[in-house]
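For reference, the structure discussed in these notes is given below.
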Amino acid sequence: MFINLKRVIRSGSLNFWRNGSVALASILVLTTTLLVIGSLYLGSAFLTSTLASIRDRVDISVAFKTEAEESAVLALKKDLEQLPEVKTVTYSSREQELADFRKRHEDNALLIQSLEEVGNPFGARLSILAINPAQYDSISRFLSNYNENAGVTGGIIDQISFKKDIIAKLLAIISTSQTIGLAISALLILLSILVTVNTISLTIYIAREEISVMRLVGANNSYIRGPFIVEGVIAGGIASFISIVLLYPSVLWVRNLTAGVYGGIDLVSFYISHFGILFLILLGSGIILGTVSSFLAIGRYLKV
Amino acid sequence: MIYFDKVSKKYFDKSVALDNVSFTIEPGEFVSVVGHSGAGKSTLLKMILAEEKPSAGKVFFESVDIHTLGRRHIPTLRRRIGSVFQDFRLLPHKTAFENIAFTMEAAGRAEDEIESDVPHVLELVGLDDKMWNFPFELSGGERQRVAIARAIVNQPDLLIADEPTGNLDPLSTHEIIEIFKKINDIGTTVILTTHNKGVIDKLGKRVITLEKGKIIRDDKEGRYVI
């Protein structure tokens, strides 16, 4: 058993080395498939993180009247945090709003100067982030009710700004792009797997005479199959090395291309931090593809 | 040792390769099968190797009906039979040494046996200096000698050779036949098919003559008569 394994591995690696051009064809087509798989993995990571960061920017901003007490605002913040739909509520005090405004307009001397005369015109502000963008409607309804129930004082809320149309549109774009992306990925992966299986079948078709000779001199099927599977494993391994190396420059290129895109992750640092898992995915799919297609393709010629 | 019992083989288009053929081959015999192309010689040998199944009748190797063997047991049968073909059928990506070693490995023989037996059998066919050459680096006669070395290295009980000299020049033919005689002298049964009148006449051994799938002659010390 052990000696057979040793012989199979030795003869598989020898055949691989001696069948240079055939081996090259399998490596090339496997590399292509692995590149497709790798870029789809990176692409989906990029898309997911971009979408997540866009979702985080979509919030409801509540401006309070200048006379609103800080304790009242903080009480509302506490109430909001009790709601199941709310993810976070960020409080920004009057002073902070003023400081932010000054910072935004520090080049505009006139504006700053007039600000000095008026005093602080800003009320405090709460930014509310929902767990799911679809829930903004109910949060906004909660806030309007809150203001109306305040009675004679007219409530402490000055204005609720909430870009409902934009949010709805974004949501639609997010869900369609995810569906389309999934369909395209599935199609691409399926196509490249078919091409790979076909190419490996062809390389084994070339060896069909040899296989029948091996049968006729009394080799049993597993002993004939073994070296071809070893060749598949080697081709898959080499292809995964090549593709992980090739992915690096493409990642660099994509980063430079999308440097201005709002909210996306840095693909290069993603590649580096996920190097291990990415390499394992490529190595695993490369070896599985090489092995399974060799195994299936050779079965046809073992019937002599 | 080999017993054909009323064996017929018809192909799909109803062409008849073998028609009700019966004969026996004793251990240690040297039998030549002659006949025109398409007379059924190759079909006969293929049946012994379980490469083809008869449409009717049975083929026995010793007391075993070859065609009742399961697919898993066919390799075991083939390891007891050495085979040589007109087109040599060497493994192109293996050296002469590795081609011969492959049959020993397939039979599960130990490394040290392979190390000692392969050079020995190559010496027997006069190719010990071409041990590390690939088939494409060898002449036709040399390739056939490697194929013979491969066929005999597992010390088979039976050697079958389908037109082994069909692609060779007269000198190589002579050498190959001498090797077969030597193999037969040490007790191995040999079955040979050929077109070559000179080979048959020189051998002076049993000759079975086939015509259109039927045995028309079976002579103890036959000559090539068609």
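Might you check whether a residue that is touching a strand residue (DSSP E or B) at 6+ places or on another chain (Cβ under 8 Å), more than 30 Å from A:R7 (Cα to Cα) and outside any loop (DSSP other than H, G, I, E, B) occurs anywhere in the range B:62-77?
Yes: the range B:62-77 contains one or more residues that are touching a strand residue (DSSP E or B) at 6+ places or on another chain (Cβ under 8 Å), more than 30 Å from A:R7 (Cα to Cα) and outside any loop (DSSP other than H, G, I, E, B).
Here are some conditions: (1) part of a helix (DSSP H, G or I); (2) open to solvent by 40 Å² or more (accessible area, probe 1.4 Å); (3) free of Cβ contacts under 8 Å to residues at least 40 places away in the same chain. A:L246 meets all but one. Which one does it not meet?
(3)
Looking only at the range B:23-72, filter to residues that are away from chain A (no Cβ under 14 Å) and of a type in the set (S, T, N, Q); which one of those is nearest to B:E221 (Cα to Cα)?
Ranking the qualifying residues of the range B:23-72, first place goes to B:S32.
Hey, could you check the range B:82-91 for residues that are more than 8 Å from chain A (Cβ to nearest Cβ) and touching a Pro at 6+ places or on another chain (Cβ under 6 Å) and say which is nearest to B:L159 (Cα to Cα)?
Going through the qualifying residues, I end up with B:G82.
Which one of B:L90, B:L122, B:L159, B:L171 is assigned to a helix (DSSP H, G or I), crowded, with 21+ Cβ neighbours inside 10 Å and either of a type in the set (F, W, Y) or touching a residue at least 24 places away in the same chain (Cβ under 8 Å) (or both)?
B:L122
Here are some residues: A:F46, A:F101. Which one is of a type in the set (A, V, I, L, M, F, W, C), at pLDDT below 80, in a helix (DSSP H, G or I) and open to solvent by 30 Å² or more (accessible area, probe 1.4 Å)?
The unique qualifying residue is A:F46.
Sort out which residues of the range B:103-119 are within 12 Å of another protein chain (Cβ to nearest Cβ) and touching a residue at least 12 places away in the same chain (Cβ under 8 Å), and write them in order of number.
Within the range B:103-119, B:T103, B:M104, B:A106, B:A107, B:R109, B:I114 meet the criteria.
Which of (1) farther than 30 Å from A:V195 by Cα; (2) β-branched (V, I, T); (3) more than 14 Å from chain B (Cβ to nearest Cβ); (4) part of a helix (DSSP H, G or I) is the odd one out, the single condition A:V89 does not satisfy?
Unmet for A:V89, out of (1) farther than 30 Å from A:V195 by Cα; (2) β-branched (V, I, T); (3) more than 14 Å from chain B (Cβ to nearest Cβ); (4) part of a helix (DSSP H, G or I): (4).
Counting only residues that are within 19 Å of B:G108 (Cα to Cα) and part of a loop (DSSP other than H, G, I, E, B), which one in the range B:134-156 is nearest to the other protein chains (Cβ to nearest Cβ)?
This residue is B:N154.
May I ask you to verify whether B:T76 is within 13 Å of chain A (Cβ to nearest Cβ) and open to solvent by less than 30 Å² (accessible area, probe 1.4 Å)?
For B:T76, the condition - within 13 Å of chain A (Cβ to nearest Cβ) and open to solvent by less than 30 Å² (accessible area, probe 1.4 Å) - is not met.
The values are calculated or read from the model by the stated rules, or taken from the named source; none is laboratory data. None of the values given here were measured: they were computed from a predicted structure. When we count neighbours, we look across all protein chains shown, and the Cβ atoms used for this are built from the backbone with ideal geometry, even at glycine. Only protein heavy atoms, including side chains, enter the accessible area calculation; ligands, DNA and RNA are left aside. Shrake-Rupley method; radii C 1.70, N 1.55, O 1.52, S 1.80 Å.
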